[in-house]
Amino acid sequence: MDAFFAAIEQRDDPRLKGKPIVVGSDPKGGKGRGVVSTCSYEARRYGIHSAMPISTAYRKCPHAAFLPVDGEKYSAVSSVIYGIFNEFTPDVEPVSIDEAFLDITGSYKIFGTPVGTCKLLKERIKKRTGLTASVGLAPTKMAAKIASDLKKPDGLVEVKPEGLLDFLRPLEVRRLWGLGPKAEEALRQIGIRTIGELARRDAKELTRVFGKTGEYFWQLANGIDERPVETGGEAKSVSNETTFGEDTSDKAKIKSALMRLCEEVSGRLRHDGVRGRTVTLKIRLEGFDTYTRASTIAEATNFVDVIYGETEKLYDAFASSKIIPPKKVRLVGVKVSNLVSARVRESLFDGISGAKDEKIHKAVDRIKERFGDEAIFRAGGKISS
């Protein structure tokens, strides 16, 4: 979808059409914290982009309309769009709230040609939601992703199998999905600026420099991408994060925030009927340096005490590291991944040792559902009310 959140706001308020819109946290006159969630194409002309500090966005365009994220409204529109996707093919792989891969190999003949199917898809989305979508049609997922970004908004780019390499070669390497700024700069330092230049290099040379990632990007540059559209649809992780009102070095304050995040993640895991084995801590310092630390436990869990215990160990190790310069913390986040169904028993003793904890957690969930998240909370790892 094109500037999804901002486009919905412009659709719902005609006064905002044609004006720069920034959806995200409150800029507070240029002193706000947090980041831009998305922005309209009019705002992008001022150099604003997603994930930019909201204070920077305000300085670039103080007369823009700064709006809060309305997750409930955006999710409702997303549900309509995904419903339309499923009218064209059952093979839909969600990427985000407004982006997905569709495999129309087995269904396009119902609607005509592949490109005709894409046109009809765009028309149906526009008719039912009032929003524009950009579509990339290609023989591989990577090429389809790149093609969908080239002619936004309201674009449609077709890449035929016989023209795949000709399509890729002149593009800058940053177009490869998953290749970040640091990798791009490292490639530039060895004289690689385009996908074609990357494709012509020796794969072994790239592996020596970048490890397995080098060979992976070499394959993509040569049009080798055998990844299928995965239609499972299950969440791969559950996460949450928070930005402090002011950068802080107060460990008690940081750990309190981590506990709250662990509670929220724990509750969502149980709500979704899953447990996870890998706990990841995210820390963003002043200056926006961002670090992650992760640990994998023996048995999957959705218990907050276990998740927080791992998170606290990761934080303590990070805080005591001499590698990291002493800076205040701007943001913390917690993610649980490597998920399995909560119905799967991983130990003969699961039903015995975890029964009491399971009852306690479910009781807490019921209290919060009825009276709100503030009705009961943990202090020092114990349940209080």
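Coordinate-derived values only; no laboratory data. Small disclaimer: the values here were computed from a predicted structure and weren't measured. Note: ideal-geometry Cβ built from the backbone for every residue, glycine included; neighbour counts use all protein chains shown.
Each residue of segment 176-190 is assigned a 3J(HN,Hα), and the resulting list reads 5, 5, x, 8, x, x, 5, 5, 4, 5, 5, 5, 4, 5, 10 Hz, derived from the Karplus form 6.51 cos²θ - 1.76 cosθ + 1.60 (θ = phi - 60°), x at Gly and Pro. Take the Kirkwood radius over Cα pairs of segment 128-201, plug it into Stokes-Einstein at 37 °C and 0.692 mPa s, and you get 248 µm²/s for translational diffusion.
Which FRET efficiency, nearest 0.05, do ARG268 and THR113 yield, Cβ-Cβ r, R0 30 Å? Could the numbers behind the result be given before it?
On the way: r = 42 Å, r/R0 = 1.40.
In this case the efficiency is close to 0.10.
The angle between the Cα long axis of helix 114-129 and the longest principal axis of the Cα atoms of the chain comes to about 50 degrees, rounded to the nearest 10. When the distances between all Cα atoms of segment 50-203 are binned every 5 Å from zero, what whole-number percent does each bin get? Pairs per bin, as whole percents: 2, 8, 14, 17, 16, 15, 13, 10, 6, 2, 0. 3J(HN,Hα) along segment 289-305: 5, 10, 10, 10, 9, 9, 9, 10, 9, 5, 10, 4, 9, 10, 7, 4, 5 Hz, from the Karplus curve 6.51 cos²θ - 1.76 cosθ + 1.60 with θ = phi - 60°, whole Hz, x for Gly and Pro.
One equal scatterer on each Cα of segment 4-69, no solvent, Debye formula: the resulting log10 I(q)/I(0) at q = 0.20 Å⁻¹ is -0.63. Just so you know, the Rg over Rh for the chain is 0.98, from Cα atoms, with Rh as the Kirkwood radius.
For the cross-link pairs LYS122/LYS145; LYS19/LYS151; LYS126/LYS152, the ones whose C-alpha atoms lie over 18 Å apart are LYS19/LYS151.
As a rough guide to protection, the peptides 154-162, 297-305 ranked by mean Cβ packing within 10 Å, highest first, stand as 297-305, 154-162.
In terms of its Cα atoms, segment 225-274 spans 47, 29, 14 Å along the principal axes, sorted from long to short.
Peptides 194-204, 253-263 ordered by packing proxy, namely the average of other Cβ atoms within 10 Å per residue, highest first: 253-263, 194-204. Taking the average, over residues, of other Cβ atoms within 10 Å as the packing measure, peptides 326-336, 309-319, 238-248 rank 326-336, 309-319, 238-248 from highest down.
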